[in-house]
1. I need the per residue convex hull volume for region 35-181, using only the alpha carbons, in cubic angstrom as a whole number.
2. Taking the Cα centre of each part, how many Å lie between region 105-127 and region 59-99?
3. Which FRET efficiency value, to the nearest 0.05, is calculated for residue 126 and residue 52 with the Förster distance at 35 angstrom and r the Cβ-Cβ distance?
4. What's the exposure ranking of 217, 145, 199, going from fewest to most Cβ atoms within 10 Å?
5. Given 5 Å bins starting at zero, what is the percent of C-alpha pairs of region 121-228 in each, up to the one with the largest pair distance?
6. Where does each of 50, 113 land when they are ranked from fewest to most other beta-carbon atoms within 10 angstrom?
7. If I model a spin label at residue 61 and residue 37 as a point 7 Å from the Cα along the Cα→Cβ vector, what separation in nanometres do I get?
8. Given springs between every Cα pair under 10 Å in a Gaussian network model of the chain, which of 170, 155, 139 has the largest fluctuation?
């Protein structure tokens, strides 16, 4: 009976531990570099239309890289994030043109810790920002034309952070290397029409495209959080 009672007591402590953590005041911050995959539905078709090439672009996947930092106060987090979709290249033999597509984004965000233990936390986040989606067309004479869609963006994410190792000796300070896994969705709201980056000339014939995509990233960084 004693081992059974002990197991029940340990189970209760594990369930109550996250609740006990909420009673503490927590302050601190963290920063990360991250990379991952992003899927932007319709982007391959839009790139082919605006560049007027015959060669298929392929799929809608991009490599996503970026950096972010956030400050935590109790259950609230306030962050800043900058990221880019790595260049995607295709050569169109019919027009003798090289096409490269990329995107950049910067936004602020606010998050709320929904669940945590001493070394982990799970939080949703929401933030406004700006996004630019670029298509660079370079012909064999090295003449470059850049087509752009830009506008305000909204980022929605769900993140799991893990303090990999405790580097601090103070029992009230949780500090050390961190891993961060995030799944999210980003959409450009009220985007401009495709336009020439140098002349500003709009290209209504290229059709409308609202850049949006799902992403999954893994971040490596560090930070520290003090309980009071």
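1. 121
2. A separation of 20 Å, based on Cα centres.
3. 0.40
4. On the way: 217 22, 145 15, 199 8.
Listing 217, 145, 199 from fewest to most nearby Cβ atoms yields 199, 145, 217.
5. Over region 121-228, the share of Cα pairs per 5 Å bin runs 2, 10, 14, 13, 12, 11, 10, 8, 7, 5, 4, 2, 1 percent.
6. 113, 50
7. Result: 0.4 nm between the two label points.
8. Of the options given, 170 has the highest mean-square fluctuation.
Just so you know, all these numbers are worked out from the coordinates, no wet-lab data involved. Source: prediction; values computed, not measured. Positions of Cβ are backbone-derived with ideal geometry, glycine not excepted, and every protein chain shown enters the neighbour counts.
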